[in-house]
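Take a look at the structure below.
The values are calculated or read from the model by the stated rules, or taken from the named source; none is laboratory data. None of the values given here were measured: they were computed from a predicted structure. Every residue, glycine among them, receives a Cβ derived from its backbone with ideal geometry; neighbour counts consider all protein chains shown.
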Amino acid sequence: MKPVKDKQTVTSEGESIKPRIEGLVIHPLRPHEDERGELVEVFRPSWGLSPDPLVYVYQASVRPGKAKGWIVHEKQEDRIYICRGTMQWAFYDFRPDSPTYEMLNVFTFSERNRALLITPRGVFHAVKNVGQNEAVFINMPTRPYDHADPDKRRLPLHNDLIPYPFDESPGW
């Protein structure tokens, strides 16, 4: 058996070379640290990433080895900030008019690789905690949650539509 040569995965600037779902924004966030602790800017309208105002904010957690999703919204975008833990996020473009229709993107984020994720309407998303501790994220959706008429459609993690099983993959 011959060893397999690694393929390029990122540019020299650290950007992934994989195509990204149209409208899916991943804005890296760096903590500012000193001897007292750290501060991370989570969302600023001046970044120009989302024209919608902040109208609703909530925090969610995912226990180790557990997953949440698949969900999709028709009326809102999710703006998710990765706070703590190691999470694998998967996105599936379910918009028939999108140039990236049926594209799948998978990313891993942690407190060492924080980001603000902006998920467009019509893009399914799911998250799995792939770390050893509870993972935490904050969502700042573009619409407040409507308890009487939630803007949320769900699929089970294992389904016939999305070609991503969230199974353990072998490492090198």
Tell me, yes or no, whether the range 112-127 has at least one residue that is assigned to a strand (DSSP E or B), at pLDDT below 95, closer than 17 Å to Val62 by Cβ and not aliphatic (A, V, I, L, M). yes
Residue identified as on the phi < 0 side of the Ramachandran plot, of a type in the set (Val, Ile, Thr), touching a residue at least 60 places away in the same chain (Cβ under 8 Å) and surrounded by fewer than 16 Cβ atoms within 10 Å (Cβ to Cβ) among Val57, Val106, Val62: Val57
State the number of residues belonging to the range 125-161 that are farther than 24 Å from Pro53 by Cβ and in contact with a Leu (Cβ under 8 Å, 6 or more places away or on another chain). 3
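Could you look through the range 87-136, keep only residues that are of a type in the set (Phe, Trp, Tyr) and touching a His at 6+ places or on another chain (Cβ under 8 Å), and pick out the one that is farthest from Arg30 (Cα to Cα)? Before the answer, list the steps.
Going residue by residue through the range 87-136, those that are of a type in the set (Phe, Trp, Tyr) are 89, 91-92, 94, 101, 107, 109, 124.
Of the ones still in play, those that are also touching a His at 6+ places or on another chain (Cβ under 8 Å) are 89, 91-92.
Details: Trp89: 19, Phe91: 23, Tyr92: 27 Å.
If we take residues in the range 87-136 being of a type in the set (Phe, Trp, Tyr) and touching a His at 6+ places or on another chain (Cβ under 8 Å), then Tyr92 is farthest from Arg30 (Cα to Cα).
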Lone qualifier among Tyr92, Tyr81, Tyr101 - being loosely packed, with under 15 Cβ neighbours inside 10 Å and aromatic (Phe, Trp, Tyr): Tyr101
Cβ-Cβ under 7 Å, sequence separation 6+ or interchain: first residue in the range 23-48 and free of Cβ contacts under 8 Å to residues at least 40 places away in the same chain and more than 30 Å from Asp93 (Cα to Cα), partner small (Gly, Ala, Ser) and outside any helix (DSSP H, G or I). Which pairs? none
Among (1) over 12 Å from the mean Cα position of the chain (by Cα); (2) modelled with pLDDT of 95 or more; (3) not hydroxyl-bearing (Ser, Thr, Tyr), where does Asn159 come up short? (2)
Lone qualifier among Tyr92, Tyr101 - being part of a loop (DSSP other than H, G, I, E, B) and of a type in the set (Ser, Thr, Tyr): Tyr101
Given the conditions (1) in a strand (DSSP E or B); (2) modelled with pLDDT of 95 or more; (3) surrounded by 13 or more Cβ atoms within 10 Å (Cβ to Cβ), report the number of the one that Gln76 does not fulfil. (1)
Just a yes or no: is a residue in the range 63-72 part of a loop (DSSP other than H, G, I, E, B) and basic (Lys, Arg)? yes
